[in-house]
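The values are calculated or read from the model by the stated rules, or taken from the named source; none is laboratory data. Small disclaimer: the values here were computed from a predicted structure and weren't measured. Using ideal geometry, Cβ is built from the backbone for each residue, glycine included, and neighbour counts are taken over all protein chains shown.
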């Protein structure tokens, strides 16, 4: 079973090398394909990636959904793992995926449990709240390293061309095809956006945007609010 890891990037010169090296270090090279899908970076993200990734895709426009779509279409793996550049996978990520996808009834998608790279009480609370939301809605967040069966991904058309909430719309298309399984291993997502924008502001903004999405506000309007 081959796994393609698609990493959408934009100005990730400082993080992309360590992100890829962690993947290589925690798994054998066989059966792993790493694809960097760049969205018009103005720094050296592309140059750095070309020396260490298996493929580097230059998306025609900026936008995580579009970049991941381009990467997914270029992938050759049986599974497509969409990984943010600032998210660390669990050490045993490959073993967990192999077990989930090789035994029993295959899911249509999996994701890991959310965690942060900061263990302060505030971030533990945010992670617990996010994991509870995922348990209630069945929709993992993009930071949880969503993994999709490639054939199913292509069958439903992949990510829609939206500026925000792309994982919600993808899971909605996939759900009729099978189960979405949340794996016990925790990712460690960077808290850099919380620290940059303000912890409470970032948490409240994300909560409001999710609620508005479920109330029917279109992703384009939500993207303006997010920015």
Practice problem: State which residue is farthest from residue 195 (Cα to Cα) when the search covers only the stretch 135-155 and only residues that are surrounded by fewer than 18 Cβ atoms within 10 Å (Cβ to Cβ) and touching a helix residue (DSSP H, G or I) at 6+ places or on another chain (Cβ under 8 Å). | Solution: 155
Exercise. Could you figure out which of (1) assigned to a loop (DSSP other than H, G, I, E, B); (2) without any contact (Cβ under 8 Å) to a residue 24 or more places away in the chain isn't true of residue 13?
Key: (2)
Exercise. Report, by residue number, each residue of the stretch 87-119 that is assigned to a loop (DSSP other than H, G, I, E, B), free of Cβ contacts under 8 Å to residues at least 60 places away in the same chain and on the phi < 0 side of the Ramachandran plot.
Key: 103, 119
Quiz item: From the set of residues in the stretch 22-53 that are at pLDDT 95 or above, out of contact with any strand residue (DSSP E or B) (no Cβ under 8 Å at 6 or more places or on another chain) and outside any loop (DSSP other than H, G, I, E, B), which is surrounded by the most Cβ atoms within 10 Å (Cβ to Cβ)?
Solution: 48
